[in-house]
Amino acid sequence: MENMKYGEELVREFLFFRGFTNTLQSFERELATDIGKGFHKDKIFDLIFSVYIPKFQAENLISLLTFFKQCFSSSETILLATLSKLEISVLRYYIVHAVQSGRNDKVIEFFGVHGDDLLQRDHDWMSWFGRSRISRTLDWIPCFVSTSLGSGLMPCIFLLGTS
């Protein structure tokens with residue numbers, strides 16, 4: 001971590017020395033919106049569990065998890081495997097939180113946008129495509145069916161009546 005701060009100071013000095021003041025300002029803005037949060041675990045967890053999930057920001061959540069996967073080389077298989085398991089758990093938590101909050105529209109939106117990719121990476125997601133908690137006399141379950149045209153998954157809704 002100290003090396004990163006030292007590197008940032010060197011970049012600042014270089015940009016200042018060369019007179020690249022606009023670039024220096026841009027660099028400072030970029031540092032302020034650092035997606036990796038300097039790899040501070042507390043800040044990252046706070047971002048995920050206090051901002052992205054409660055505010056249903058699935059795109060930001062997925063881009064953050066993708067960013068972390070890009071930080072590791074393919075030779076670090078144990079870390080990548082652990083990160084993949086963490087990613088699956090966090091995304092499933094997002095879905096559970098959305099259903100518990102009554103935001104089934106966010107579940108449908110999530111699977112509509114990311115469903116194909118999730119199924120290609122891990123077939124364990126198949127059971128999550130029809131999962132919902134039925135708590136009223138008439139409820140609906142978001143689901144997706146594979147199309148024969150090869151265009152991916154199409155959303156559908158099943159209405160269930162309980163007796």
| Stokes-Einstein D for the stretch 88-129 at 20 °C, 1.002 mPa s, Kirkwood Rh over Cα pairs, in µm²/s? | 207
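Expected output is a single nm value to one decimal: the length gained when fully extending between Asp122 and Leu31, i.e. 0.36 nm times separation in residues minus the C-alpha distance. What is it?
That pair, Asp122 and Leu31, stretches by 29.3 nm at full extension.
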| query | What is the calculated FRET efficiency for Thr82 to Val113, with r their C-beta to C-beta distance and R₀ = 22 Å, to the nearest 0.05? | reply | 0.30
| note | A student asked for the Cα radius of gyration and Dmax of the stretch 44-89 in angstrom ought to give 11.3, 35
| field | Spin-label model distance (nm) - Phe20 vs Tyr93, 7 Å beyond Cα toward Cβ | value | 3.8
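Only the coordinates and a few stated rules stand behind these numbers; no lab work does. Keep in mind the model is a prediction, meaning the values are calculated, not measured. Cβ sites come from the backbone with ideal geometry, for glycine too, and all protein chains shown count toward neighbours.
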